[in-house]
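Q: Quick one: this structure, given as structure tokens, is what I'll be asking you about.
Read the figures in this text as sums done on the coordinates, not as results from a lab. Since the model is a prediction, treat every value here as computed from it, not as a measurement. Here the Cβ is made from the backbone with ideal geometry for all residues, glycine too, and neighbour counts use every protein chain on show.
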Amino acid sequence: MENCIFCKIIAGEIPSAKVYEDEDMLVFRDINPQAKVHCLCVPKSHFATLAEMNAEQAEILKKCFVKIPGLAKSLGLENGYRLIVNQGKDAGQTVFHLHIHILGGQDMGEKLI
Ligand code: 5GP
Ligand code: ZN
């Protein structure tokens, strides 16, 4: 997808601190971390929000969620972590390529959910 920053990261046109990659997903460190550990799990197939996801992409998203617990362990998040998937403007979504925030490495508190 043209002009999508995450597609450019996936294509290697923009550098990122990669944590994990396979044919379906790329996981890298967020450039502006909101917790001690803040990674983004990004399906390689471009879709902006869950509302635009097709059946094939739903399978990939499932693989992302299956992969995340093992990744979290390797990131040192044995005590828990928070996943956030912003959907649209009111949620504060700024990059319109679906992604899962993985946040942890500290007590995340109880303020936001
Ligand atoms: P959203 O607000 O759309 O849920 O989250 C987008 C996230 O992408 C933000 O946390 C932002 O810091 C991160 N981000 C935006 N541009 C880049 C980039 O070029 N590299 C990396 N690693 N993260 C980015
Ligand atoms: Zn994209």
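Q: Return a yes/no flag: does region 49-59 have any residue that is within 29 Å of Glu2 (Cα to Cα) and surrounded by 16 or more Cβ atoms within 10 Å (Cβ to Cβ).
A: Taking every residue of region 49-59 in turn, at least one turns out to be within 29 Å of Glu2 (Cα to Cα) and surrounded by 16 or more Cβ atoms within 10 Å (Cβ to Cβ).
Q: How many residues, within region 80-96, are in a loop (DSSP other than H, G, I, E, B), more than 16 Å from ligand 2 (Cβ to nearest atom) and surrounded by 14 or more Cβ atoms within 10 Å (Cβ to Cβ)?
A: 0
Q: Then there is this: Yes or no: region 52-67 includes at least one residue that is within 14 Å of the chain's Cα centre (by Cα), more than 21 Å from Ile10 (Cα to Cα) and away from ligand 2 (no atom under 16 Å from the Cβ).
A: If we filter region 52-67 for residues that are within 14 Å of the chain's Cα centre (by Cα), which is where we start, we get 60-67.
Cutting the leftovers down to more than 21 Å from Ile10 (Cα to Cα) gives us none.
No: region 52-67 contains no residue that is within 14 Å of the chain's Cα centre (by Cα), more than 21 Å from Ile10 (Cα to Cα) and away from ligand 2 (no atom under 16 Å from the Cβ).
Q: Out of the residues in region 9-20 meeting the condition of being under 15 Å from the mean Cα position of the chain (by Cα) and within 11 Å of ligand 1 (Cβ to nearest atom), tell me which one is surrounded by the fewest Cβ atoms within 10 Å (Cβ to Cβ).
A: Ala17
Q: Could you tell me which residue of region 5-21 is nearest to Glu59 (Cα to Cα), considering only residues that are in contact with a helix residue (DSSP H, G or I) (Cβ under 9 Å, 6 or more places away or on another chain) and touching a residue at least 24 places away in the same chain (Cβ under 8 Å)?
A: Applying the filter and picking the extreme gives Tyr20.
Q: Taking only pairs six or more apart or across chains, which ones have beta-carbon atoms under 7 Å, a first residue in region 83-110 that is in contact (Cβ under 8 Å) with a residue 40 or more places away in the chain, and a second residue that is assigned to a loop (DSSP other than H, G, I, E, B) and hydroxyl-bearing (Ser, Thr, Tyr)?
A: So the pair list comes out as Leu98/Thr49.
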